[in-house]
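A short write-up of the structure that comes next.
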Amino acid sequence: MPEFDIGYPHGNSPRRVAPGSRTITNRMAAFRLDHEYYDGDRNNGYGGFRYDGRWLKILPTVIERYQLNAGSSVLDLGCKKGFFLHDLKELLPGVRFKGVENHQYPLDHAVASVREDLVLAPYQELPFRDHEFDFVMGFAAIYMLNLRDVMACLREIQRVGKGRSYISVGAYRTDEERNLFLDWTLLGTTVLHVDEWLQVFQETGYTGDYFCTTASALHLTRC
């Protein structure tokens, strides 16, 4: 179960973070997980979550590592507006897939090419059969859950998949990294030391790949 970087672009410019720059008001707005988080003010979320084709550049690495082809079945856990699946469909016509989200807004505004294959469900109670998917993607998805639900979600990933999966998790290696990450994040709820994540994986039986999204990986720095 190695740590693996699929090459998602976080940019190279420093992101300057001041203590208190993300207020409880911002976090409450973000946790509504509606228009304000996706397409509203930048202080409350993405500031406009729009398709830009970035997954087309990342997917060749994913396809090669997880041996995907047009006959594969893929689950995107935390699919948001379906951009990953849209680009996967472009590169692998005929691939079978489902996307799942735990809130409605992004599903209502998903790209038309994949919308009918996106479902609303809790990440910790996935509405799929055992071993239904060849590959499960969980990018920037489970960090908003509390620890109990994170553990349930990881067990569900193991149940519905066939052992090939990829998740990213909120993590830190030093106290300064932890403080930076917590000052920056809007939704980050379960943010653990990288060694603690390994303990969680062992406890839940998670055997897929993972990536620790840390302050360093995000190029966060103090103002």
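The values are calculated or read from the model by the stated rules, or taken from the named source; none is laboratory data. For clarity, every value in this text was computed on a predicted model and none was experimentally measured. As a convention, Cβ positions derive from the backbone with ideal geometry for all residues, glycine included, and neighbour counts pool all protein chains shown. Heavy atoms of the whole protein, side chains included, go into the accessibility calculation; ligands, DNA and RNA do not. Shrake-Rupley method; radii C 1.70, N 1.55, O 1.52, S 1.80 Å.
Taking strands (runs of 3 or more DSSP E) that do not extend beyond the stretch 150-223, which have at least 1 residues that are open to solvent by 10 Å² or more (accessible area, probe 1.4 Å) and of a type outside the set (S, T, Y)?
Filter on the stretch 150-223 gives 209-213, 220-222.
Could you check, for the stretch 116-135, whether at least one of its residues is in contact (Cβ under 8 Å) with a residue 40 or more places away in the chain, in a helix (DSSP H, G or I) and not acidic (D, E)?
No: the stretch 116-135 contains no residue that is in contact (Cβ under 8 Å) with a residue 40 or more places away in the chain, in a helix (DSSP H, G or I) and not acidic (D, E).
Does F31 satisfy the criteria of being touching a Phe, Trp or Tyr at 6+ places or on another chain (Cβ under 7 Å) and not aliphatic (A, V, I, L, M)?
For F31, the condition - touching a Phe, Trp or Tyr at 6+ places or on another chain (Cβ under 7 Å) and not aliphatic (A, V, I, L, M) - is not met.
Is it fair to say K98 is within 16 Å of the chain's Cα centre (by Cα) and in a loop (DSSP other than H, G, I, E, B)?
no
Would you please name the residue that is farthest from W184 (Cα to Cα), looking only at residues in the stretch 28-38 that are within 18 Å of the chain's Cα centre (by Cα) and in contact (Cβ under 8 Å) with a residue 60 or more places away in the chain?
Residue satisfying both the conditions and the ranking: D34.
Considering only the stretch 67-82, state which residues are within 17 Å of the chain's Cα centre (by Cα) and assigned to a loop (DSSP other than H, G, I, E, B).
Answer for the stretch 67-82, where residues must be within 17 Å of the chain's Cα centre (by Cα) and assigned to a loop (DSSP other than H, G, I, E, B): G78, C79, K80, K81, G82.
Among Y66, Y51, which is the only one that is touching a His at 6+ places or on another chain (Cβ under 9 Å) and touching a residue at least 60 places away in the same chain (Cβ under 8 Å)?
Sole residue among the options that is touching a His at 6+ places or on another chain (Cβ under 9 Å) and touching a residue at least 60 places away in the same chain (Cβ under 8 Å): Y51.
Look through the stretch 9-57, keep the residues that are in a loop (DSSP other than H, G, I, E, B) and either of a type in the set (V, I, T) or in contact with a Ser or Thr (Cβ under 8 Å, 6 or more places away or on another chain) (or both), and return whichever of them is surrounded by the fewest Cβ atoms within 10 Å (Cβ to Cβ).
T23
Confirm whether N102 is polar (S, T, N, Q), surrounded by 12 or more Cβ atoms within 10 Å (Cβ to Cβ) and over 30 Å from E176 (Cβ atoms).
Criteria met by N102.
Considering only residues that are within 18 Å of I6 (Cβ to Cβ) and of a type in the set (F, W, Y), which ones fall in the stretch 49-107?
Matches in the stretch 49-107: W55, Y66, F83, F84, F97.
Determine whether E116 is farther than 29 Å from P2 by Cα and modelled with pLDDT of 95 or more.
yes
Could you tell me which of the residues Y8, Y37 is at pLDDT below 95, touching a helix residue (DSSP H, G or I) at 6+ places or on another chain (Cβ under 7 Å) and of a type in the set (S, T, Y)?
Testing whether each residue is at pLDDT below 95, touching a helix residue (DSSP H, G or I) at 6+ places or on another chain (Cβ under 7 Å) and of a type in the set (S, T, Y) leaves just Y8.
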